[in-house]
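Participant: Encoded as structure tokens, here's the structure I'll be asking about.
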Amino acid sequence: MLEEDEIAMSNIFSHHSGRHIKADYMEQIHPANQGNPFIEALPSRFSAEEFYDKLISSPPLDEKYLKLDVMDRLEFVHQIRPSFWLPMPSHYQKYVNLYSMIKIGYQSRNPMKAEYNKQFSLGLKEVFNAGIDSSGMNTAGIIHSAQSMSEIAINGLGKSQSYERMLTQLFPQVIYHSNYKGRTLPVTQVVWIKVECPYNKSAGAFCKSFFAEIDKVLGSGSHYYQKYGEKRGTIEDMVMRLIHVAYEVNLGLLVIDEIQKIHKAYSGGKDNIIDLLTQLINTIGLPVITLGSYKALYLFKDSLANSKRGIPIGFSENISGPMVKGGWEWNQFIQNLWEFQYTKKYTKRTPGLENAMYFYTKGIPDFVVKLFIHVQSKAILNGGDEKITISLIENVAKISFRLLLPIFNKMDSGDESAYGELEDVKPDWVQLNEYIKAADHRLAIFGGLAQEHSRALQQKNKDEILEKLMEFTLQLIQSPTDAEALVNQVYDASLGMADIGLMYNQLAQKIVEKNGQPVSESSPSTTSTSLPKQKPEKKVKPKMEANDIRLVVEQGYKRGMTTEEALEEKGYIRHMYELLDLIG
């Protein structure tokens, strides 16, 4: 039989979403967290092993299922996508950051302290509009400790799913307080909410979505949307109502999903949402996490020049790309996913099969799972031994991903028009690099995007060095082909890591030795004048055919192309996807 308080709690918890609990206070180690009921009611942090055990999810697999008929086995195959989820070390790091954000955010919002209630007596509107002074203190005398984070990632990476899993399974959504250390404390604590931005709408529409989500979380007794969402007023009025409700329910974390949907053209949507987030964090002390695709980069781009206003204090940003081929996460992902086969015959995973899966999905988890499902389905429907082959993967991908593959091929070939066609898969490198250079907040790049960004920077540096070395060398010898060969030889000797002055001297030495002259140590600016001028020998060069590789390279150089680019243009270099077609 239920106790009276349990009956009361069960009535409160009716018709709501999320996990609701009654406050159970735990002693805190850190002094900043002690004596704060909002923090003491939070669950303890999980270890990496506990995190993995709680979040790993896999579809059912039993040998008896493989003896079922075709349609029953297809049903199991189609359940792979909603059932399969593999926690990674990067997920645990995000969980640790998430846990810290919630705790730190509550440090400056302690209901047992007078400053907390002072904000209500002053009026939240006044506190909000007054902002913060040079020391970071608002008009109520509080320096808020809230942090914020933006998670920008490729579509299909699972950023929304991972945060939703962590929040729903590792945190209660609502905690009810009644008494704390002998003092009455009849308050509701909404630990977190996740709001999805309405498509191509304004900050005002976002506020309405916020009220609707609060009602959904708290249940049938909550009428915030009816009370505040349907009420007329300006964007500023709507924002103030959001702030009032966030404070009233003691919100611990606001997660905004699909942030790129806030449209620039709707009622100043972009500017209003940036101002709203900045003020919520800096002035009111509410931690905010924004999730979005690469399109969301525009949100903070225009605000970088004025970080005090445009970027919240304590703001950090993660930009993630697909899994790296051959990397630890890719190997773990494909190894675990590959086990869930419902075909008559189990197909052993091979490097060729792995390469084909990566090639047609670019290491994007959602695409990998979808392709695996489609391939298995096709194998089962084809009958026979139901074996998974490279040619089967290729044929299925060309049908299932027929809209994506031409764009992927453009990306592989370096065609920049692909960025506009599928900007959510790969950002424009020029814009991204400029964005990274301008950012003074904490910014980290993960996955394949980090690898490509590093490669792009290395290539940029390499091109600049090679250009300077070529300019120097062409002052000493006339043949661009000979000059390029010497430059590449000197550059490759140190992998471009040597001081450029040393590389100048090495080039001069090689040129002098080639011409039979003594070596003199000198700087790049004096070497060209101090070296004796050599009269070029008039040699009769044999006429080269139009398709001669030497002529292709030399003509390409005159047009500002690298050796690889010149050969690729003439078709001497085959693309990976062409080779795979030949193999398949």
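The values are calculated or read from the model by the stated rules, or taken from the named source; none is laboratory data. This one's a predicted model, so the numbers in the text were calculated from it and none came from an experiment. Please note: Cβ atoms are built from the backbone with ideal geometry, for glycine as well, and neighbour counts cover all protein chains shown. We work out accessible area using only protein heavy atoms, side chains counted, and drop any ligands, DNA or RNA first. Shrake-Rupley method; radii C 1.70, N 1.55, O 1.52, S 1.80 Å.
Participant: Using a 1.4 Å probe, how large is the accessible area of Met88, given in Å² and rounded to the nearest 10?
Facilitator: Met88 exposes around 10 Å² with every protein chain in place.
Participant: So which of Lys345/Lys378; Lys468/Lys510; Lys159/Lys325; Lys103/Lys295; Lys362/Lys398; Lys378/Lys398 end up more than 22 Å apart, counting from Cα to Cα? List each step's numbers first, then the result.
Facilitator: Numbers: Lys345/Lys378 14 Å; Lys468/Lys510 17 Å; Lys159/Lys325 19 Å; Lys103/Lys295 30 Å; Lys362/Lys398 14 Å; Lys378/Lys398 13 Å.
Where the Cα-Cα span goes over 22 Å, the pairs concerned are Lys103/Lys295.
Participant: Taking all protein chains together and a probe of 1.4 Å, list Glu213, Glu464, Glu230 from the most accessible to the least accessible.
Facilitator: Working: Glu213 40, Glu464 85, Glu230 120 Å².
In descending accessible area the options line up as Glu230, Glu464, Glu213.
Participant: What whole number of Å gives the distance from the Cα centroid of region 59-93 to the Cα centroid of region 169-216?
Facilitator: One Cα centre to the other: 33 Å.
Participant: Decide, for region 151-252, between rounded, prolate and oblate: order the square roots of the alpha carbon gyration tensor eigenvalues as a ≥ b ≥ c, take rounded if a/c falls under 1.5, and otherwise choose prolate if a/b is larger than b/c, else oblate.
Facilitator: On the way: a/c = 2.39, a/b = 1.14, b/c = 2.09.
Oblate is the answer for region 151-252, as a/c is 1.5 or above yet b/c matches or exceeds a/b.
Participant: Give a quick list of GluC sites (Glu not before Pro) in region 14-85 that DSSP marks as loop, anything other than H, G, I, E or B, with at most 14 other Cβ atoms within 10 Å. Don't skip to the end; give the middle numbers.
Facilitator: Numbers: sites: Glu27, Glu40, Glu49, Glu50, Glu63, Glu75; in loops: Glu27.
Within region 14-85, the qualifying GluC sites (Glu not before Pro) (loop, at most 14 other Cβ atoms within 10 Å) are Glu27.
Participant: For Thr184, what accessible area in Å² do you get when you roll a 1.4 Å probe over the heavy atoms of the protein chains, rounding to the nearest 10?
Facilitator: 110 Å²
Participant: Leaving ligands and nucleic acids out of the surface, order Arg349, Arg232, Arg19 by accessible area at 1.4 Å, largest first.
Facilitator: Numbers: Arg349 80, Arg232 215, Arg19 105 Å².
Descending accessible area places them as Arg232, Arg19, Arg349.
Participant: Accessible area, 1.4 Å probe, largest first: how do Glu467, Glu484 sort?
Facilitator: From most exposed to least exposed: Glu467, Glu484.
Participant: Please list, in order along region 235-240, the HN-Hα scalar couplings obtained from phi with the Karplus expression 6.51 cos²θ - 1.76 cosθ + 1.60 (θ = phi - 60°), rounded to whole Hz, x for Gly and Pro.
Facilitator: After applying 6.51 cos²θ - 1.76 cosθ + 1.60, I find 4, 4, 4, 5, 5, 5 Hz.
Participant: Could you give each residue of region 368-377 its phi-based ³J(HN,Hα) in whole Hz, using Karplus coefficients 6.51, -1.76, 1.60 with θ = phi - 60°, and x for Gly or Pro?
Facilitator: Rounded to whole hertz, the list is 4, 5, 4, 5, 4, 5, 5, 5, 4, 4.
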